[in-house]
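The values are calculated or read from the model by the stated rules, or taken from the named source; none is laboratory data. All values reported here derive from a predicted model rather than from experimental measurement. Cβ placement follows ideal geometry from the backbone for every residue including glycine, while neighbour counts extend to all protein chains displayed. We work out accessible area using only protein heavy atoms, side chains counted, and drop any ligands, DNA or RNA first. Shrake-Rupley method; radii C 1.70, N 1.55, O 1.52, S 1.80 Å.
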Amino acid sequence: MRLIKDIEWLLMRYQVFVLNLFGLTKKAVERLIHMKQLRPDDYFVLTTLAHFWGQERQSRPDAIALLKQARRQQPSNPNLLFNLGFLLEQQGLLPEAESSFREALQLNDKLDRAWYGLGLVLIQQGRSDEALVALKRNTELQPMSPFAWYQLARVHFDRHEAQQTLEIIRHLQGFEPKVAEQLKRETGLKP
């Protein structure tokens, strides 16, 4: 009997995968809600449903609650903490987001996404010195990703540090010329 229930459960998980694969998100969410009724604490259901709900602004508080529930099962999962921090930041819950990103980084200091998220949260809190440290760490881990470079340039520009801003624009011209051009337009600086 237990084996049959386990097989049925695996089939439902497979259905979620297939529904999502074919872009039937609403059906996948319906299946996940049904699965949550059967197993309210199932980690796969909690995190997958949170993923779908996190994409909808009105459902983000529910997604956050699901991730917090999942966190009780895996408190040392840096990716889960990053996802939670990301949604908290999206909801404007900056101190909680910062805490979640920092916890993720204590578990894995090479989690570049968490460094970037932390940098964004610190910028929004007006803590530019700390934001620069976080964003620089992100660029060390992801040197070809323009996102942290862009934010670094913006922080330097807002701090009236034109030379550092120009250096970043020059650097971006080498591998992300569109981002470099955007920064030139926004700052009025020309290397």
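Worth a mention:
- By the rule of a C-alpha distance below 18 Å, with chain neighbours fewer than 8 residues away ignored, the lysines paired with Lys68 are Lys36.
- Site pair Lys5 and Lys136 shows an inter-label distance of 5.6 nm when each label is modelled 7 Å from Cα along Cα→Cβ.
- Seen against the Cα atoms of the chain and their longest principal axis, helix 146-158 is set at about 50 degrees.
- What the range 37-110 shows is 53 Å² of accessible area per residue, with the surface traced by a 1.4 Å probe over protein heavy atoms.
- When a 1.4 Å probe is rolled over the protein heavy atoms, the share of accessible surface on the range 81-145 that falls to carbon and sulfur comes to 52 percent.
- Dipole moment magnitude, nearest 20 debye, the chain about Cα centre, only Lys, Arg, Asp, Glu C-beta charged: 460
- Order of exposure, largest accessible area first, which applies to Lys110, Lys26, Lys36 with probe 1.4 Å: Lys26, Lys110, Lys36
- Simple spin-label estimate for Lys27 and Phe44 in nanometres, 7 Å along Cα-Cβ: 1.9
- Between Ala162, Ala97, Leu183, the Cα set farthest toward the positive side of the dipole of the chain (charges on each charged residue's Cβ, about the Cα centre) is that of Ala97.
- Spin-label model, Ala162/Ser99: points 7 Å from Cα along the beta carbon direction are separated by 4.3 nm.
- Full-stretch length increase - Glu186, Gln173 - with 0.36 nm per residue and alpha-carbon distance subtracted: 3.2 nm
- Applying the Kirkwood pairwise sum to the alpha-carbon positions of the chain produces a hydrodynamic radius of 18.6 angstrom.
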